[in-house]
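Novice: The structure's right below; bear with me while I get my questions together.
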Amino acid sequence: MLGWTLGAIYSVPPIRTKRNAVAAGLTIATVRGFLLNFGVYYAVKDAIGAPFAWSPKVSFIARFMTAFASVIAITKDLPDVEGDKAYNISTFATKVGVSKIAKGATLCLFLNYVHAIMTGVLGKGAFNLLPMIGGHALLATMLLVRFRELEPEKLASIKKYYKHIWDLFYLEYVLYTLI
């Protein structure tokens with residue numbers, strides 16, 4: 001219900017958190033990151049009557065995806081930056097610029113991948129090492145390659161970069177089944 005409520009106030013007047021970049025980012029990160037991962041795990045455990053126990057894998061994915069969802073919340077306006085500027089809509093992308101947002105987003109995601117790799121290294125046997133370390137190293141490399149291809153002044157390139165962030169987001173769930 002918390003996720004539903006946050007989703008509603010994101011779009012429904014009078015609150016509409018999507019009008020404020022910080023509130024929108026927090027809403028997206030909370031719902032897509034924390035609630036979707038940890039919240040669903042907890043709800044299923046509760047629904048089947050299983051006792052709650054911390055899971056290193058669920059804790060990892062909740063942390064990782066919350067950070068990832070935060071980046072998505074910041075980059076979501078990149079493909080619309082030209083229209084937002086034309087209609088005088090203030091977003092991080094229109095204020096800071098595509099290049100700086102993309103650099104910051106790439107750095108945050110790269111550090112998130114480094115965190116994932118270090119979690120695997122230091123995880124004391126809680127994770128399957130090849131997908132946890134190797135898989136995240138591969139996804140980090142893909143991120144850097146796509147960033148190097150970005151031409152911030154070209155809308156098609158911006159859209160490709162943003163789509164790739166979503167591709168990496170969903171690939172993490174594939175990788176999660178293996179860790």
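The values are calculated or read from the model by the stated rules, or taken from the named source; none is laboratory data. These numbers were taken from a predicted model, which means no experiment stands behind them. Methodologically, a virtual Cβ is constructed for each residue, glycine included, from the backbone with ideal geometry; neighbour enumeration extends over all protein chains shown. These area figures cover heavy atoms from the full protein model, side chains too; ligands, DNA and RNA do not enter into them. Shrake-Rupley method; radii C 1.70, N 1.55, O 1.52, S 1.80 Å.
Novice: Within the set of other residues whose C-beta is less than 11 Å from the C-beta of residue 154, count the net charge using Lys and Arg as +1 and Asp and Glu as -1. Can you show the working numbers first?
Specialist: Values: positive: 159, 160; negative: 82, 149, 151, 153.
Taking every other residue near residue 154 into account, the sum is -2.
Novice: Follow-up question, since we're still on this one. Where does each of 59-69, 126-136 land if you order them by average Cβ count within 10 Å, highest first? Intermediate values should be presented prior to the final figure.
Specialist: On the way: 59-69: 20.5, 126-136: 17.5.
Order by mean packing, descending: 59-69, 126-136.
Novice: Compute the convex hull volume of the Cα atoms of the chain, divide it by the residue count, and report the result per residue in Å³ as a whole number.
Specialist: Numbers: hull volume 20.1 nm³, N = 179.
Per residue, the Cα convex hull of the chain comes to 112 Å³.
Novice: What is the spin-label model distance, in nm, from residue 5 to residue 156 if the labels are put 7 Å beyond Cα along the C-beta direction?
Specialist: 4.7
Novice: Only helical DSSP H runs with n ≥ 4 go in: add -39500 (n - 2.57) per run for the chain, normalise by residue count and round the 222 nm mean residue ellipticity to 500 deg cm²/dmol. Numbers along the way, then the final one.
Specialist: Numbers: 9 runs with 118 residues, N = 179.
So the helix-based figure for the chain works out to -21000 deg cm²/dmol.
Novice: Would you mind giving the average projected area, over all directions, of the Cα convex hull of the stretch 9-57 in nm² with one decimal?
Specialist: On the way: hull surface 17.7 nm².
If you wrap the Cα atoms of the stretch 9-57 in a convex hull and average its projections, you get 4.4 nm².
Novice: Could I ask something else about it? In square nanometres, what is one fourth of the surface area of the convex hull spanned by the alpha carbons of the stretch 92-150? Don't skip to the end; give the middle numbers.
Specialist: Numbers: hull surface 16.9 nm².
Spelled out: convex hull of the Cα atoms, projected over all directions, averaged, 4.2 nm².
Novice: While we're on this one: Of all the accessible heavy-atom surface of the stretch 65-179, with the other protein chains kept in place and a 1.4 Å probe, what percent is carbon and sulfur?
Specialist: Working: 4060 of 6130 Å².
Roughly 66 percent, rounded to a whole number.
Novice: What accessible area per residue, rounded to a whole number of Å², is obtained for the chain using a probe radius of 1.4 Å? Don't skip to the end; give the middle numbers.
Specialist: Numbers: 10080 Å² over 179 residues.
Counting only protein heavy atoms, the per-residue value for the chain is 56 Å².
Novice: Whole-Hz ³J(HN,Hα) for each residue in the stretch 56-71, computed from phi via Karplus 6.51 cos²θ - 1.76 cosθ + 1.60 with θ = phi - 60°, x for glycine and proline: what do you get?
Specialist: x, 5, 5, 4, 4, 5, 5, 5, 4, 6, 5, 5, 5, 5, 5, 5
Novice: Separate question: Hey, what's the Kirkwood Rh for the stretch 1-83 if you take every pair of different alpha carbons, in angstrom? List each step's numbers first, then the result.
Specialist: Details: mean 1/r = 0.0723 Å⁻¹.
Its Kirkwood hydrodynamic radius stands at 13.8 Å.
Novice: Hey, rough spin-label estimate for residue 122 and residue 166, points 7 angstrom out along Cα→Cβ, what's it come to in nanometres?
Specialist: So the two model labels end up 3.4 nm from each other.
Novice: Reachable lysines from residue 100, Cα under 17 Å, same-chain residues fewer than 8 places away excluded?
Specialist: Within reach: 76, 85, 154, 159, 160.
Novice: Through the Karplus equation 6.51 cos²θ - 1.76 cosθ + 1.60, θ set to phi - 60°, convert the phi angles of the stretch 80-91 into ³J(HN,Hα) values in whole Hz; use x for Gly and Pro.
Specialist: Result, ordered by residue: 9, 4, 5, x, 4, 5, 4, 9, 6, 9, 8, 9 Hz.
Novice: Once phi is turned into θ = phi - 60°, what whole-Hz ³J(HN,Hα) does the Karplus curve with 6.51, -1.76 and 1.60 give for every residue of the stretch 95-108, x standing for Gly and Pro?
Specialist: In residue order, the calculated couplings are 7, 9, x, 4, 4, 5, 4, 5, 4, x, 5, 5, 4, 4 Hz.
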